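J.: Sharing a structure below in structure tokens format, with a few things to ask.
Read-outs throughout are calculated quantities, based only on the coordinates presented, and are distinct from any laboratory measurement. The structure displayed is predicted, hence computed values, not measured ones. So basically every Cβ, Gly included, is an ideal-geometry build from the backbone, and we count neighbours across all protein chains shown.
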Amino acid sequence: MKLLEPLDINGMRLPNRVLVPAMVTRLSGEDGYVNQDIIDRYVRYAAGEIGLIVVEAMAVHTAKSGPLLRISDDAFIPGHQELTKRVHDTSGSKIVPQIIHFMKVARSGWRQTIDSLSHADIDQIVDEFGAAAARAREAGYDGVELHSAHAYTLSSFVSRLNPRADEYSGKTLENRLRMFGRVMARVRECVGTDFPVGARFLAEECIKDGYTVEDAKLIALRMAQLGVDYISLSVGGKFEDAVHREGEPLYPYTGYSGDRCMPGDWYSGLPHAHLVAEIKKFVNDHGFTVPVVSVGKISDPADAEQLLADGKADIIGMARQNLADPDWIKKVREGREDQIIRCIWCNVCKQLDENFKEVNCFLWPKGMRQAPADLPDAEAPLWPDKGANLGVALGEDGAARLTWDGAHGDIAGYDVYRADDDGTVKCIEAVKGKRFVDKTILGGRKHVYYVRAFSPGGVASVPSNSVTLEPPLPDFSSAPVSPPATAEP
Ligand SMILES: Cc1cc2nc3c(=O)[nH]c(=O)nc-3n(C[C@H](O)[C@H](O)[C@H](O)COP(=O)(O)O)c2cc1C
């Protein structure tokens, strides 16, 4: 299996091809120091044997922000040292920090833009990236990742909407790439050539007049020319289309580009994989073999394996799926795919991040701060003697209402499976309770359902009884009869 093949990245040997991309946890305080909760979060990924763990974005500078890790001063090094030691003591997982510079934002909705930066400010940012990368090396990280994606400073230079008018201006691609080039050169100076330096940037900006994959191919080529050791691709997440909430600083994932960055359950799977494949092919066709990470709504082992087998990616990045189940790759290796807790793309984690609350997963048992332990030999939940008693009813609103009796045992939730018109069975949702309303059925089709209860570690019951719903095609010949309007009190 390609997924399980090791990969060498400038001397950093990944035990497999799975990466957890940076995900802000809001587990640190505003002081930015590594604490026990942060260590627990990343050690949990290491226990799941994830090939490369990218630690959440941490600031290279001292600007004020909510809870966010920092690497902007030597005083932060001991905490990071403890983190890397604990991860390395746990498994063969490798760990790199994502280092970030961001501009100021205010509760009024105002945000600082890069045209306000003087040449001295730019020089300082370049130095800050270099110093932070050197600290990462000193702290025992296996490499470092430069954050040049989403709404932050480096990405704003690369953007097609870069508002500057000088040699860093948005007028030419070469000028847009100047800042990243300078940062990369300084980082190399500070960490040497034998320390892996990755870069994250956007395959598409997903905003009006933003750049598309056409520019992204050239940006990737430049990164390869500069000696970047791996490329991790994201999309969107921009300030330009962010929706301002009264009294809150702008959050760059509230608009359409935010939806694209963390695609919700209404998006089809692998929405960015074709962009990544195009970028990888372009870079490879130009003689570079820099590994490329594909990220975006990947959760099915067969899909992940296919991307690698087809040469569409070198590494599989899964953020929300690894949050939901850090043991994903371990379960794949041990042939326990049926125990994987599948991300349902509900984006509760995204909402927690947006509200500066500790990021956890809706699918974890209530109140847990970290993913539950992997207990492969746990007893599977059992249906009552009389069975699950799964039933389905068609509502007047055109939704299917499913109810069932609770299973016995340590239950974390229930997976709901559906097959349409006798086609492939898919897990369409996971819920905590004993009911589910399916709003996505279509009259004139046949839908067959069953549910399975699963334990916190993902051990599932046998399927419940199956039920079939064949909603008729609605009658469109007359207007629907609404219930009589009730007078306002
Ligand atoms: C809660 C949360 C925090 C995130 N924080 C970061 C971050 O610090 N840096 C970053 O580059 N991307 C961040 N992302 C984006 C993810 O790395 C990833 O690109 C995105 O979730 C899509 O991948 P997925 O479909 O596998 O979840 C974050 C995503 C989530 C859900």
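J.: Once the other residues with Cβ under 15 Å from the Cβ of residue 182 are scored (Lys, Arg +1; Asp, Glu -1), what is the net sum? Can you show the working numbers first?
T.: Working: positive: 164, 176, 178, 186, 188, 222; negative: 121, 123, 127, 128, 166, 167, 174, 189.
Overall, the nearby charge balance is -2.
J.: Have a look at the DSSP beta bridges in the chain and tell me what percent are antiparallel, nearest 5.
T.: On the way: 31 of 61 bridges.
Beta bridges within the chain, antiparallel portion: roughly 50 percent.
J.: Can you tell me the FRET efficiency between residue 5 and residue 432 if r is taken as the Cβ-Cβ distance and R0 is 30 Å, rounded to the nearest 0.05? Can you show the working numbers first?
T.: Details: r = 37 Å, r/R0 = 1.23.
Efficiency, from the Cβ-Cβ distance: 0.20.
J.: Further question on the same structure: About the Cα centre, and with charges only on the beta carbon of Lys, Arg (+1) and Asp, Glu (-1), how big is the dipole of the chain? Nearest 20 debye, please.
T.: Working: 56 positive and 69 negative charges, 49 e Å.
Computed charge dipole of the chain: roughly 240 debye.
J.: On alpha carbon coordinates alone, what is the Rg over Rh value for region 391-469, Rh being the Kirkwood radius?
T.: On the way: Rg = 12.5 Å, Rh = 12.9 Å.
Here Rg/Rh amounts to 0.97.
J.: What nm value, rounded to one decimal, do you get for the distance between residue 35 and residue 246 when each label is placed 7 Å out toward the C-beta?
T.: With each label placed 7 Å out from Cα toward Cβ, I get 3.2 nm.
J.: OK, next. What whole-number distance in Å separates the alpha-carbon centres of region 372-389 and region 407-425?
T.: Distance between centres, Cα-based: 13 Å.
J.: Just to confirm a number: summing +1 for Lys and Arg and -1 for Asp and Glu over residues other than residue 14 whose beta-carbon lies under 11 angstrom from that of residue 14, what do you get?
T.: Numbers: positive: 13, 17, 94; negative: 5, 8, 49, 142, 314.
Neighbour charge sum, excluding residue 14 itself: -2.
J.: Given a cut-off of 15 Å, what percent of all Cα-Cα pairs of region 283-377 lie beyond it?
T.: Percent of Cα pairs beyond 15 Å in region 283-377: 66.
J.: Suppose only helical runs count, i.e. DSSP H with n ≥ 4. What mean residue ellipticity at 222 nm does that imply for the chain under -39500 (n - 2.57) per run, divided by all residues and rounded to the nearest 500 deg cm²/dmol?
T.: Values: 13 runs with 129 residues, N = 489.
Calculated at 222 nm, the ellipticity per residue is -7500 deg cm²/dmol.
J.: Straight-line reach from residue 434: which lysines fall under 21 Å, measuring Cα to Cα and dropping same-chain residues less than 8 apart?
T.: Straight-distance partners of residue 434: 366, 386, 426.
J.: Mind putting a number on the dipole of region 331-489 about its Cα centre? Charges go on the C-beta only, +1 for Lys and Arg and -1 for Asp and Glu, and I need it in Debye to the nearest 20.
T.: Details: 19 positive and 23 negative charges, 50 e Å.
Approximately 240 debye in magnitude.
J.: If you don't mind, another one. Sorting check: for 280-290, 62-72, 467-477, which peptide has the highest mean count of neighbouring beta carbons within 10 Å, and how do the rest follow? If you can, show how the numbers build up before the last one.
T.: Values: 280-290: 15.7, 62-72: 18.6, 467-477: 11.2.
Result, highest mean Cβ count within 10 Å first: 62-72, 280-290, 467-477.
J.: Show me, for region 429-444, the HN-Hα J-couplings you get by feeding each phi into the Karplus relation (A = 6.51, B = -1.76, C = 1.60, θ = phi - 60°), rounded to Hz, glycine and proline as x.
T.: Karplus values, whole Hz, x for Gly and Pro: 6, 10, 10, 8, x, 10, 8, 7, 10, 9, 9, 10, 9, 10, x, x.
J.: Next up: Could you work out the relative contact order of region 391-469? I mean the mean sequence separation of Cα pairs under 8 Å and 6+ apart, divided by the number of residues, in percent. Walk me through the intermediate numbers first.
T.: On the way: 157 pairs, mean separation 26.8, N = 79.
Normalised by residue count, the contact order of region 391-469 is 34 percent.
J.: Measuring from centroid to centroid over Cα atoms, what is the spacing of region 177-235 and region 9-60 in Å?
T.: 21
J.: When we measure straight from the Cα of residue 217, which lysines land under 22 angstrom away, once same-chain ones fewer than 8 places off are left out?
T.: 171, 208, 238, 280, 281, 297, 312
J.: I've got another one for you. Can you compute the charge dipole magnitude of region 69-174 about its Cα centre, using +1 on each Lys and Arg Cβ and -1 on each Asp and Glu Cβ, nothing else charged? Give it in debye, rounded to the nearest 20. Write out the running numbers ahead of the final one.
T.: Numbers: 12 positive and 15 negative charges, 102 e Å.
Here the size comes out at about 480 debye.
J.: Kyte-Doolittle mean at least -0.5 and Cα extent at least 30 Å along the axis: which DSSP H helices of the chain qualify?
T.: Details: long enough: none.
Result, helices passing both filters: zero.
J.: Taking R0 as 25 Å, what FRET efficiency do you get between residue 214 and residue 256 from their Cβ-Cβ distance, rounded to the nearest 0.05? Present the calculation step by step, with values, prior to reporting the outcome.
T.: On the way: r = 20 Å, r/R0 = 0.79.
Result of the calculation: an efficiency of 0.80.
J.: Starting from 0.36 nm per residue, how many nanometres of slack lie between residue 421 and residue 127 once their C-alpha separation is accounted for? Before the final figure, lay out the partial values.
T.: Working: separation 294, 0.36 × 294 = 105.84 nm, distance 6.02 nm.
Net length gain for the segment: 99.8 nm.
J.: While we're here: Mind listing the long-range amide H neighbours of residue 7? Cut-off is under 5 Å, sequence gap 5 or more, other chains count too, H placed in the peptide plane at 1.01 Å from N.
T.: Here 14, 16 satisfy the definition.
J.: Describe numerically, in nm with one decimal, the distance between label points set 7 Å from Cα along Cα→Cβ at residue 265 and at residue 108.
T.: 4.1
J.: Separate question: What FRET efficiency comes out for residue 396 versus residue 309 if R0 is 30 angstrom and r is the Cβ-Cβ distance? Round to the nearest 0.05.
T.: Working: r = 47 Å, r/R0 = 1.57.
Computed FRET efficiency for residue 396 and residue 309: 0.05.
J.: Picking from 370, 146, 468, whose Cα lies most toward the positive end of the charge dipole for the chain (charges on Cβ: Lys, Arg +1; Asp, Glu -1)?
T.: 146
J.: How much net charge surrounds residue 298 when only the other residues with a Cβ under 12 Å from the Cβ of residue 298 are counted, with Lys and Arg +1 and Asp and Glu -1? If you can, show how the numbers build up before the last one.
T.: On the way: positive: 17, 297, 312, 320, 342; negative: 300, 303, 305.
In short, +2.
J.: Enter the Cα centre distance for the pair region 76-112 and region 323-363, rounded to the nearest angstrom.
T.: 20
J.: Quote the relative contact order of the chain in percent (integer), defining contacts as alpha-carbon pairs under 8 Å separated by 6+ residues.
T.: Working: 1090 pairs, mean separation 56.8, N = 489.
Across the chain, relative contact order equals 12 percent.
J.: Would you calculate the separation in nanometres between label points at residue 440 and residue 465, each defined as 7 Å from the Cα along the Cα-to-beta-carbon direction?
T.: About 2.7 nm, to one decimal.
J.: Bins of 20 Å, beginning at zero and ending with the bin holding the largest distance: percent of Cα pairs per bin for the chain, please.
T.: 23, 53, 22, 3
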